[in-house]
Structure formats: structure tokens, C-alpha cells
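Reading through the C-alpha cells given below for one structure.
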2 protein chains.
Amino acid sequence: MTGLRERKKQRTRDALIVAAHELFVTQGYESTTVDQIAEAVDVSQRTFFRYFTNKEEVALFLQNMVERLYYEAVCARPVAEPPLECLRSTLDDVWDDVGVAVEEITPLDLYLKMCQVIEVTPSLLAAHLRHSLLMEEKLVQEVARRTGVDADQDPRPRVLVAAFTGVMRTAARQWSMRSDASLETAREVTRDYTAQLSPALGSDWGRRR
Amino acid sequence: MTGLRERKKQRTRDALIVAAHELFVTQGYESTTVDQIAEAVDVSQRTFFRYFTNKEEVALFLQNMVERLYYEAVCARPVAEPPLECLRSTLDDVWDDVGVAVEEITPLDLYLKMCQVIEVTPSLLAAHLRHSLLMEEKLVQEVARRTGVDADQDPRPRVLVAAFTGVMRTAARQWSMRSDASLETAREVTRDYTAQLSPALGSDWGRRR
DNA sequence: AGGATAATGACAGTCGCTGACAATTGACAA
DNA sequence: TTGTCAATTGTCAGCGACTGTCATTATCCT
């Protein structure tokens, strides 16, 4: 389980992530070559591609981890809770866990700066959106499960999740452009944006159709 | 305006689009090389990259054109119309124009098949989502203009557009997986999906805040 | 200790994409 | 018509992302 081999692999993987993030943040994503990342960790380029299928993957590694964390937190919520409230308050709760999880791999500050890099790098933003779409679909299924409806018949799970994630994307974008981007401001911004969401969405979720 | 030079350029551009689409549809996007496309039109690879900045662009050319068409149709609507109704009925109207516009460049059938290719090709889907995000932002501004609100203060334009485009993405995905994908079925599917959207979104748009 | 197994490095090759420069072709005036 | 200018194109060289292959090294297990 925790053999030398495993630990070594984990360490090089983390080292690659940290080195890549530092380079991306300082020189930008496009102008950083995979060779530079590999050299910084003193492995061959070939080894890099054994850990990550492509350059995007290492750049979005933490982002994807955070999204997965959020999804799992949503699933762990009591089913009785109304779905929108569930999505919203999970967000409010999850930031501390995110901080802890990220810092097991890399300094938090590096992750925060990387979020900005993702927003301003077209190819990264594209890959990020695609991955988010997969997560959205999983959220739709979870919301459908909780409310006992079929997502293929009843459009409300998709409408709810689409609206929620859409607003969240906007919130994330606004937040990433702030100079004081931190977990605290992230919590504030998401709280503000999602608070305005409830009145805009119909609250008569209880009725079928 | 219509010199030989202009016409020749237009023709090679269209030929590149058609050739690329045929290859993408028959062999898949990833396994088609730019060299193959260029060879099919009998131009150099370098020339291809003078017409399109990258391989994605030629694959998404029609898709982007269609989205632009839709956006312009939305802007041309009477301002008095409620925004959701505007987005919805524009969609209902625009399909014929889409068919005409596409067929000026390539057979309609090729475009319909290409839509499926986009959905199943990760890198194309990603690029498509990124482009759609830009279009969404433009729609948000247009909705804000029509309703006389500030999209940076009032979240309702973003909520509305996010929900609408989110549901539309779902509709597009469902439609693209059908064996009888055509403009008629596209109109039907989008009509169905968007019709279910109104009740899910609050209709008290008139009130501020 | 030693053989099975997994991780790595080295190398060659493909493909997307770009810069530079020369050759060609259409536009336009003398 | 012809000569000049500008736009378009082809050729070539090169970079960077990514992959297959095979020999080498390092861990694991008995």
C-alpha cells in the first residue's frame, strides 16, 4: 500500500504539478514547454507524459480535484434539503476542505494564481469548460436522484444546475480578476452571487411538472 | 468588390471547409491531418493555415456562423418582447435561415453530421464550449439592454441566459444523437425543451430586484 | 540473493503550427 | 499591351506537443 515505489511516484507527480504551476504562473501557460517542466523536476519529457496525458491535464489537476471535492460534498448532504439550497450551502461549507486538500500538494497561493491563468488562457479555459460540463451532468443526476425525478423527462434538474453553474462561472470569473483573490473572498463572492439566484428561480419545486 | 482575386479566395476557402468536413465526418477529426485537407483541395499546408488559424477553426466554422446568425436575429427582435420569449421564438424562426446560409457553403447534410462529430470529439467540444461562452456573454448584454438593467448589478440576465443556453446545450446533445437529425427535428427538439423552460424560471421579470 | 515486475530514459518519428523568403498571379495604370 | 505593385501562394526549415519502442534501472517478493 505505502511501499517505496508508491511514495516515490506520488512525490514526482506532486513535484511535476508544483513545478508546472510555478512556471505557468510566472511565464504563462503557452510559453512554458513540457521540457522545462520535466527539467525542473529532473525527469525526462517522456516521464512527464506518463504522469499526465497532456499539458492541459497538469494545469487543470487541482481545479478538477476541487470540483470533484465539491461534487462529493453535495452527494453527502441530507436528501431532505431542497436542491438549490443544497448546492448553495455546500459551496459555503467546502472552501476550508478545498484549502486543506490543495495544500497537501502545493502552496495555496500558487493554486489561486493558477485560477487566474486558466481564465485568461483560451485553450485552458476551453478544456476547463469541457470538464465542468461532465461535472454538471453528474450534478444533474444527483439533483434528479434527490428530488426523485427523471432528468430525461423533467427539465427542472437541468435548468437548476445550468443556472447555478452558469452563475458560478460568472462569479469565478469576477473573483479571479480581483487583486485580493483568496479563499475568503471566494466564499464571499460565491455567497453573494448564489444568494441572488433563489429569487430568480421559481421556488415551487415541490409540484410535479 | 467582386474581382477575380476575391472570388478565387472565397472558392478555396469554401473548398477547404467542404473537404475538411467530408474528411472529419468520414474518418474522424483527430485522425484527419491538415495535410490531407490541403491535398484534397490541392493547396499547400501553409495555405491552409493562412485561411484558418488552426484545425479547430475550420471544423467549427459553420457552427460559429450559425450561432452568430442566431445572435443577430435576437438583436433584430422588438425590444418590447419579454426576453425569454425573445430567445425562444427567435430559435423557432431561425432554422430556415440557417439552412440557407449553410447551403451556400456546403451540403446541409454534411453540416448536420459535423454537429455529431463536434459532440463526440473532446477537443472540438471544448473549443465549441469556449466559443459559446463568448456568445453567451453577448446575449447577456443584449438581454440587459432590452430589459434596461445592468448585467453587473442585476443577476437576472445572466441567470436567464445561463439557464437558456444550458438547456439548449442539452437539447443539442440529445438531438445530435438521434438518427434522424435534420433541421425539422432540430426545430422540434428545441421547441420542446425551451417550452418546458418558462415554468421553471420565475416570470416576475417586471419587478426590480 | 535473485528473478519477476514496474518505472524510467533515450531515441526516433508524426503532426500541428509558424517564420522567412522566393515565386507566382491578379490588379491597375501608362 | 505591358510593366509595376501588391496580394497570394509554395517551399523549406524549425519548434513543441505527443507517441511507440526498447534497453536500462530500480523496487518488490520469495
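Over chain A, what is the relative contact order in whole percent, taking alpha-carbon pairs under 8 Å and six or more residues apart?
21
Taking 0.36 nm per intervening residue step and subtracting the Cα-Cα distance, what contour gain separates A:Asp92 from A:Ala40 on full extension?
15.0 nm
With +1 on each Lys and Arg Cβ and -1 on each Asp and Glu Cβ, and nothing else charged, work out how big the dipole of the protein assembly as shown is about its Cα centre, in Debye to the nearest 20.
Once rounded to the nearest 20, the dipole reads 40 debye.
What FRET efficiency comes out for A:Met135 versus A:Leu4 if R0 is 30 angstrom and r is the Cβ-Cβ distance? Round to the nearest 0.05.
Plugging the Cβ-Cβ distance into 1/(1 + (r/R0)^6) gives 0.30.
Using the reciprocal of the averaged 1/r over all distinct C-alpha pairs, how large is the Kirkwood radius of chain A in Å?
18.6
Could you go through segment B:170-184 in sequence order and give the Karplus-derived ³J(HN,Hα) for each residue, using 6.51 cos²θ - 1.76 cosθ + 1.60 with θ = phi - 60°, rounded to whole Hz, and x for Gly and Pro?
These are the phi-based 3J(HN,Hα) values: 4, 4, 4, 5, 4, 4, 5, 8, 6, 7, 9, 5, 8, 5, 5 Hz.
In whole Å, largest first, what are the principal axis extents of the Cα atoms in the protein assembly as shown?
Per principal axis, max minus min of the Cα coordinates gives 66, 57, 39 Å.
Per the helix-only calculation at 222 nm, which mean residue ellipticity applies to chain A, given -39500 (n - 2.57) for every DSSP H run of n ≥ 4 and division by its residues, nearest 500 deg cm²/dmol?
The helix contribution divided over chain A gives -25000 deg cm²/dmol.
Under a Cβ-only charge scheme (Lys and Arg +1, Asp and Glu -1), can you give me the dipole magnitude of chain B about the Cα centre, in debye to the nearest 20?
Dipole about the Cα centre, nearest 20: 600 debye.
Give me the net charge for the shell around A:Arg173: Cβ to Cβ below 11 angstrom, other residues only, Lys and Arg +1, Asp and Glu -1.
+1
Residue by residue, what Karplus-based ³J(HN,Hα) values in Hz, rounded to whole numbers, does segment A:94-102 have, using 6.51, -1.76 and 1.60 with θ = phi - 60° and x for Gly and Pro?
Calculated HN-Hα couplings, in order: 7, 4, 5, 4, 4, x, 4, 4, 5 Hz.
When the label point is put 7 Å from the Cα of A:Arg11 along its Cα-to-beta-carbon vector, which residues of segment A:33-50 have a backbone N closer than 17 Å?
What the label zone holds, given the 17 Å backbone N cut-off, is A:40-44.
Which entries of B:Lys8/B:Lys138; B:Lys8/B:Lys55; B:Lys55/B:Lys113; A:Lys8/A:Lys113; A:Lys9/A:Lys138; A:Lys9/B:Lys55 have Cα-Cα distances beyond 24 Å here?
Long pairs (Cα-Cα over 24 Å): B:Lys8/B:Lys138; A:Lys8/A:Lys113; A:Lys9/A:Lys138; A:Lys9/B:Lys55.
Counting alpha carbon pairs within less than 8 Å and at least 6 residues apart, what relative contact order, in whole percent, applies to segment B:90-190?
Worked out over segment B:90-190, it gives 35 percent.
Would you give the gap between the C-alpha center of segment B:174-199 and the C-alpha center of segment B:1-71, rounded to a whole Å?
Cα centroid to Cα centroid, the span is 28 Å.
Could you give each residue of segment B:13-18 its phi-based ³J(HN,Hα) in whole Hz, using Karplus coefficients 6.51, -1.76, 1.60 with θ = phi - 60°, and x for Gly or Pro?
Values per residue, Gly and Pro as x: 4, 4, 4, 5, 4, 4 Hz.
Taking the Cβ of each residue in B:Trp95, A:Trp175 as the centre, tally the other Cβ atoms inside 10 Å and list the residues starting with the fewest.
B:Trp95, A:Trp175
Every read-out reported here was derived from the displayed coordinates using simple, explicitly stated rules and does not represent laboratory data. Owing to the predicted nature of the structure, the values given are computational and were not obtained by experimental measurement. Neighbour counts are summed over all protein chains in view; Cβ atoms, including those assigned to glycine, are modelled from backbone coordinates with ideal geometry.
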